[in-house]
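A short worksheet on the structure shown next.
The values are calculated or read from the model by the stated rules, or taken from the named source; none is laboratory data. Fair warning: this is a prediction, and the values are worked out from it, not measured in the lab. In this analysis, Cβ positions are derived from the backbone assuming ideal geometry, glycine residues included, and neighbour counts consider all displayed protein chains.
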Amino acid sequence: MQRLQGRVALITGAARGTGAETARLFAQEGAQVVLADVLDDLGADVAREIGSAARYVHLDVTRPEDWDAAIRHTLDAFGGLDVLVNNAAVLDVSSIAETRYEDLTRIIHVNQIGPFLGIQAALEAMKARGGGSIVNVASIDAIEGSNGVAAYTSSKWGLRGLTKAAAVELGRHGIRVNNVNPGFGSQEMVEPFFHRAAERLKTLKQRLPDRPQHPFVRRGALADAAQAILYLASDESSYVSGIDLTVDGAFTAGKIEPAAPFS
């Protein structure tokens, strides 16, 4: 069964990573998909790969006029809008003391204000369809704190708050709003910071530590996040709104104490 047959979806940050994986999955499940990003060549390539069920549109999520144009493009191409996936995000890894004002504001504008503008822009199109599903992609950094990512964490906690408020306000229109918190993301987003971390530890004469012991039998993959987004976009979650769906293999559920007994 194709779980999104007849649905039209707009996915931001769809040129790579979680967004591209979700676009491919949605198309496989019968949806017509508009991929939106600022990485035009990569985004257009993914849309061509998907085929006739996909379109690409340039969208800077911080610009209301870009949002209006993307919604018009979606309506012109496919006649409506049923699903919005707010996935676009940027990252900076710096201590609070090191974080520059321009980096802080850029992260807040993309990660938090961008989805707000998207919900505003999509509202009338979804109301015209009698409802819809909005899925905001946050992070496990939206449910716990960590050093070095205060700006990013702040933006993702704000996105969770937006999800709750929007779910309450838009439910009367049949619009569901939910939040996915993956424990992993696009490697392209985090790789620029690996070298910086290694250099910092070298300066401190420390080695790069092992990751904390993970409680699950495997690491997460982009497909795990995409499947969670698909569930929230589909009728299988028709009475689910305002939730956090954390996809991290119990990573944030607790910690493993190696000296304590466990099965």
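Worth a mention:
- In the condition set (1) under 19 Å from the mean Cα position of the chain (by Cα); (2) within 14 Å of Gly118 (Cβ to Cβ), Val93 is compliant with all but (2).
- The listed residues are Val61, Val93, and the only one of them that is over 28 Å from His173 (Cα atoms), touching a residue at least 40 places away in the same chain (Cβ under 8 Å) and of a type outside the set (S, T, N, Q) turns out to be Val93.
- Subset of the range 210-233 that is modelled with pLDDT of 95 or more and in contact with a Ser or Thr (Cβ under 8 Å, 6 or more places away or on another chain) - its residue that is surrounded by the fewest Cβ atoms within 10 Å (Cβ to Cβ): Tyr231
- Some residue of the range 65-77 being touching a residue at least 24 places away in the same chain (Cβ under 8 Å), of a type in the set (Val, Ile, Thr) and within 27 Å of Ile140 (Cα to Cα): no
- Any hit, the range 145-162, residues being of a type in the set (Ser, Thr, Tyr), under 29 Å from Gly6 (Cα atoms) and in contact (Cβ under 8 Å) with a residue 12 or more places away in the chain: no
- Checking each residue of the range 71-88 against the condition of being under 25 Å from Ser155 (Cβ atoms), among the polar types (S, T, N, Q) and modelled with pLDDT under 95 gives no match.
- Helices (runs of 4 or more DSSP H) wholly inside the range 81-192 that include at least 3 residues being closer than 21 Å to Asp248 by Cβ and of a type in the set (Gly, Ala, Ser): 150-170
- For the criterion of being in a strand (DSSP E or B), crowded, with 20+ Cβ neighbours inside 10 Å and in contact with a helix residue (DSSP H, G or I) (Cβ under 9 Å, 6 or more places away or on another chain), Val46 fails.
- All positions within the range 5-17 that are over 19 Å from Ile119 (Cβ atoms) and either surrounded by fewer than 22 Cβ atoms within 10 Å (Cβ to Cβ) or within 11 Å of the chain's Cα centre (by Cα) (or both): Gln5, Gly6, Arg16, Gly17
- The residue list Leu91, Leu84, Leu162, Leu123 contains one member that is more than 23 Å from Phe184 (Cβ to Cβ) and not acidic (Asp, Glu), which is Leu123.
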